[in-house]
Amino acid sequence: NNPYMGWAPTAERGPYSQPHRLVYAGLKWSELEPTKGKFAWSEIEDKFKLAYWVGRKIKIIFRFIMDYPGVANHMDIPQWLYQEINGDGTWYGGGFSPNYKNPVLISNHQRVINAIAQRYGNNPGLAFIQLGSIGHWGEFHTVYLKASDTGYMPSISISNQYVSHYLSAFANKKLLMRRPFQIAKDNNMGLYNDMFGDKAETERHIRYFNNGYANPGNWGFAEGTYPAMPDFWKYGPSAGEFGGPVSQFLSDIAISQTMWLAQESHTSFLGPRCPADPAQGSAPQKNIDALHNILGYRFVLRTTSTQQNIQPGSMVPVSMVWNNKGSAPFYFKWPLELSLADSTGRIVRRITTNDDIRTWLPGTTTINNTVAIPNNLSEGTYTLCVAIIDPETGNPGIDIAITGKRSDGRYSIGNIIVKS
């Protein structure tokens, strides 16, 4: 149950039976700013149970939405904004698709994104931002088949204006886009696939980000050439949600294919449609665990080599071979710590290495470090420990898939004898 990966069920519900460290919040403009300039922060934070999740160290993924199709006509932009744009857009039977080219809409969008960033942009509880804003469900398309006229996608030059609002406002957050736009590639964004698990759709998603593609502007997608982003997952997360009932993708018949799709797309997290609800130990648990073990990163320390007999004041070489058995790296610069514990378990020496764990891609990584032994360190046997530290708490923050975990979250990986 490590951070920034796994299941991301909706923040509106919970608690959930399955362990998770993320939740998803789809933020509708109509609910956030019912009156221009007056933001319903308290109401939004109550709706998405922000205090509840923060108290449990569970972080938020949010997506800003202007058009969420439903069973009846409604608006997901505020009434005052509808009036300001003079109703410029399309009623399609299940909602309202605004004209994204409207300059009044664009300027107000920049203002509201800046307001959201001012409140949450430096909040460590905000994990990732999915863009968001344009198209049905914020998915950068207008393919809602309830009506023949479902609104129109703007040109890429127009949609880039919306994206630039996020880039300016959330400079310190990881952003994800629905498709491989050039602006996403230029800014090392992640990508998400809200049809994950559907074989045809997920293979198309993989093909598109690996090879790029051209779209003539049909089926509610913006006309243009979309670049290949085969390495995007090395810098920004791959994510999404299941494209249908979760159970159909976790059945014994389907699980191997689902795991393969997760691995090929380097998926880190899935939600809000995800298997967070089934009771632990219930029938699907085996397949839930199998898929979860594929998602994100999974660090295993395979070997540790060091000098066991040393003198005070000397430098101890420590060589480690790590294996990331997941599908993706960890996307934050959390420090790797080596430490020594005395016979009582007390940490008497700690060093932070220069290793960048963000570069630990799937596969093995060998790192070499040294630990300086203080001149005044008493003779005796010490336990060498390793940990990945959460900068927010200063404590170990990532579970490693090995034995030897201590009560403080560090892992015992060997002994060193200090003797003059």
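ILE351: part of a loop (DSSP other than H, G, I, E, B) and under 30 Å from the mean Cα position of the chain (by Cα), yes or no?
Spelling it out, it is not the case that ILE351 is part of a loop (DSSP other than H, G, I, E, B) and under 30 Å from the mean Cα position of the chain (by Cα).
Restricting attention to helices (runs of 4 or more DSSP H) lying wholly within the stretch 117-215, give those where 1 or more residues are closer than 30 Å to LYS57 by Cα and of a type in the set (Val, Ile, Thr).
156-169
When you check GLN118 against the structure, is it exposed (fewer than 15 other Cβ atoms within 10 Å of the Cβ) and out of contact with any Ser or Thr (no Cβ under 9 Å at 6 or more places or on another chain), yes or no? Give the steps one after another, and end with the answer.
Values: exposed (fewer than 15 other Cβ atoms within 10 Å of the Cβ): yes; out of contact with any Ser or Thr (no Cβ under 9 Å at 6 or more places or on another chain): yes.
Yes: the conditions hold for GLN118.
ALA222 - would you say it is surrounded by fewer than 22 Cβ atoms within 10 Å (Cβ to Cβ), over 16 Å from the mean Cα position of the chain (by Cα) and hydrophobic (A, V, I, L, M, F, W, C)?
no
Does the stretch 97-115 hold any residues that are surrounded by fewer than 20 Cβ atoms within 10 Å (Cβ to Cβ), in contact (Cβ under 8 Å) with a residue 24 or more places away in the chain and not aliphatic (A, V, I, L, M), and which are they?
Matches in the stretch 97-115: ASN99, LYS101, GLN110, ASN114.
Mind counting the residues in the stretch 208-219 that are under 21 Å from the mean Cα position of the chain (by Cα) and not polar (S, T, N, Q)?
2
Among the listed residues SER265, SER305, SER314, SER282, identify the single one that is over 14 Å from GLY197 (Cα atoms) and in contact with a strand residue (DSSP E or B) (Cβ under 7 Å, 6 or more places away or on another chain).
Testing whether each residue is over 14 Å from GLY197 (Cα atoms) and in contact with a strand residue (DSSP E or B) (Cβ under 7 Å, 6 or more places away or on another chain) leaves just SER305.
Could you tell me whether ARG302 is within 30 Å of the chain's Cα centre (by Cα), closer than 30 Å to ARG349 by Cβ, of a type in the set (D, E, K, R) and surrounded by fewer than 14 Cβ atoms within 10 Å (Cβ to Cβ)?
Values: within 30 Å of the chain's Cα centre (by Cα): yes; closer than 30 Å to ARG349 by Cβ: yes; of a type in the set (D, E, K, R): yes; surrounded by fewer than 14 Cβ atoms within 10 Å (Cβ to Cβ): yes.
Spelling it out, ARG302 is indeed within 30 Å of the chain's Cα centre (by Cα), closer than 30 Å to ARG349 by Cβ, of a type in the set (D, E, K, R) and surrounded by fewer than 14 Cβ atoms within 10 Å (Cβ to Cβ).
With LYS185, LYS174 as the choices, which residue is more than 22 Å from MET259 (Cα to Cα), in the same structural domain as LYS101 (by TED's automatic domain parsing) and out of contact with any strand residue (DSSP E or B) (no Cβ under 8 Å at 6 or more places or on another chain)? Explain how you work it out, then say what you get.
Details: LYS174 fails: out of contact with any strand residue (DSSP E or B) (no Cβ under 8 Å at 6 or more places or on another chain).
It is LYS185.
Filtering the stretch 236-262 down to residues that are among the aromatic types (Phe, Trp, Tyr) and touching a strand residue (DSSP E or B) at 6+ places or on another chain (Cβ under 8 Å), which residue is farthest from LEU22 (Cα to Cα)?
PHE249
Pull out all pairs, ordered by first then second residue, where Cβ-Cβ is under 6 Å, the residues are six or more apart or on different chains, the first lies in the stretch 195-218 and is surrounded by 13 or more Cβ atoms within 10 Å (Cβ to Cβ), and the second is part of a loop (DSSP other than H, G, I, E, B) and among the hydroxyl-bearing types (Ser, Thr, Tyr).
Short answer, once both residue conditions are applied: ILE206/SER265.
May I ask you to say which residue of ALA401, ALA387 is over 19 Å from ILE310 (Cα atoms) and in a strand (DSSP E or B)?
After ruling out the rest, the residue left standing is ALA387.
For the stretch 227-238, does any single residue satisfy the condition of being part of a loop (DSSP other than H, G, I, E, B), under 17 Å from the mean Cα position of the chain (by Cα) and farther than 30 Å from VAL386 by Cβ? Reasoning before the result, please.
From the stretch 227-238, those part of a loop (DSSP other than H, G, I, E, B) are 227-231, 235-237; that's our starting set.
Filter once more, keeping what is under 17 Å from the mean Cα position of the chain (by Cα): 231, 235-237.
If we keep only those that are farther than 30 Å from VAL386 by Cβ too, we end up with none.
No, the stretch 227-238 contains no residue that is part of a loop (DSSP other than H, G, I, E, B), under 17 Å from the mean Cα position of the chain (by Cα) and farther than 30 Å from VAL386 by Cβ.
Restricted to the stretch 225-245, and to residues that are surrounded by fewer than 17 Cβ atoms within 10 Å (Cβ to Cβ) and touching a residue at least 60 places away in the same chain (Cβ under 8 Å), which residue is nearest to LEU131 (Cα to Cα)?
Step by step, filter the stretch 225-245, then rank; the result is TYR235.
Give just the number: which of (1) surrounded by 14 or more Cβ atoms within 10 Å (Cβ to Cβ); (2) of a type in the set (S, T, N, Q); (3) not in a helix (DSSP H, G or I) does GLN248 not satisfy?
GLN248 satisfies every listed condition except (3).
Name the residue, out of TRP41, TRP53, that is within 21 Å of ARG21 (Cβ to Cβ), in contact (Cβ under 8 Å) with a residue 60 or more places away in the chain and aromatic (Phe, Trp, Tyr). Let's see the steps before the verdict.
Values: TRP41 fails: within 21 Å of ARG21 (Cβ to Cβ).
Within the list TRP41, TRP53, the selection yields TRP53.
The values are calculated or read from the model by the stated rules, or taken from the named source; none is laboratory data. Owing to the predicted nature of the structure, the values given are computational and were not obtained by experimental measurement. All Cβ positions, glycine included, derive from the backbone under ideal geometry; neighbour counts span all protein chains shown.
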